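Enquirer: Pasting a structure below so you can have a look.
The values are calculated or read from the model by the stated rules, or taken from the named source; none is laboratory data. Bear in mind that the values here come from a model prediction, so they are computed numbers and not experimental data. No Cβ is skipped: glycine too gets one built from the backbone with ideal geometry, and neighbour counts run over all protein chains shown.
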Amino acid sequence: MEIALRRFAKDGYHATKISDIVAEAGVAQGTFYWHFKSKEAIALEIVEDGRRQLLDVIAQGYRREAGTVQDMVQASEALLAGLFRFAESNRYLMELLLGGGGGIEPIRQAIAETRAAMENAFLQNIRRAIELGMLPDTIDAEFRAALIVSLIEGVITRWLFGLGAPDSGIAAKTAEQLASETARFEFFGLLGI
């Protein structure tokens, strides 16, 4: 799966052949088919496994109790640091997810579902903060969740893949530095401050 993921991310779904995957893995093509029905099946499993891992990282930031403004910022920072570290450790997965997969419709759909699941996870975090009185109940939580996910995707894309202004210095930042800056922007943006 690691070899297939790397090849899908780097070469694209259509350019990746099962024969290339098995040759690099040093296994027979029959072994591949013993585990996976098709190239589409392995791609879908990769995306679904990545979705579970991403949602696990986001779930660690779910609010259980109210806190101060500083506590909220620190909690967001910790959540984002975990998410950025995950992205850095799973670069090929992020490249596949953020690049749209370039594959066939079921794979594009699975990637779209992964993004929607991420947005929903952030939405649940925002709703919980509203329930706890940490955010005003007048905010549009769905819109804010969409903004946060777009912000995170943009930061990861520029950080890991060098897209954007080449002199911005973002590539030299650590996951923790990005998390600190993003959390402050995200949090104070949620409050409209």
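Enquirer: Considering each residue of region 82-105, count those that are part of a helix (DSSP H, G or I) and surrounded by 22 or more Cβ atoms within 10 Å (Cβ to Cβ), and give that number. Working first, answer last.
Expert: Applying the first criterion (part of a helix (DSSP H, G or I)) to region 82-105 yields 82-89, 91-98, 105.
If we keep only those that are surrounded by 22 or more Cβ atoms within 10 Å (Cβ to Cβ) too, we end up with 83-84, 87, 93-94, 96-97.
So the answer is 7.
Enquirer: Which residue pairs have Cβ atoms closer than 8 Å, lie 6 or more positions apart in sequence or on different chains, and pair a first residue in region 117-140 that is among the small types (G, A, S) with a second residue that is not in a loop (DSSP other than H, G, I, E, B)?
Expert: A117/R51; A117/L54; A117/L55; A121/L55; A121/I58; A121/A59; A129/M72
Enquirer: Continuing with this model, one more query. Given the conditions (1) within 15 Å of the chain's Cα centre (by Cα); (2) within 27 Å of P136 (Cβ to Cβ), and given that G50 satisfies all but one, which numbered condition is not satisfied?
Expert: (2)
Enquirer: OK, next. Could you tell me which numbered condition Q124 fails, if it satisfies all but one of (1) surrounded by fewer than 19 Cβ atoms within 10 Å (Cβ to Cβ); (2) at pLDDT below 90?
Expert: Going through (1) surrounded by fewer than 19 Cβ atoms within 10 Å (Cβ to Cβ); (2) at pLDDT below 90 one by one, Q124 breaks only (2).
Enquirer: Now for a separate question. What do you reckon, is P136 in a helix (DSSP H, G or I) and loosely packed, with under 15 Cβ neighbours inside 10 Å? Spell out the reasoning first.
Expert: On the way: in a helix (DSSP H, G or I): no; loosely packed, with under 15 Cβ neighbours inside 10 Å: yes.
No: the conditions fail for P136.
Enquirer: Which one is surrounded by the most Cβ atoms within 10 Å (Cβ to Cβ) among residues in region 29-81 that are farther than 26 Å from G154 by Cβ and of a type in the set (G, A, S)?
Expert: G67
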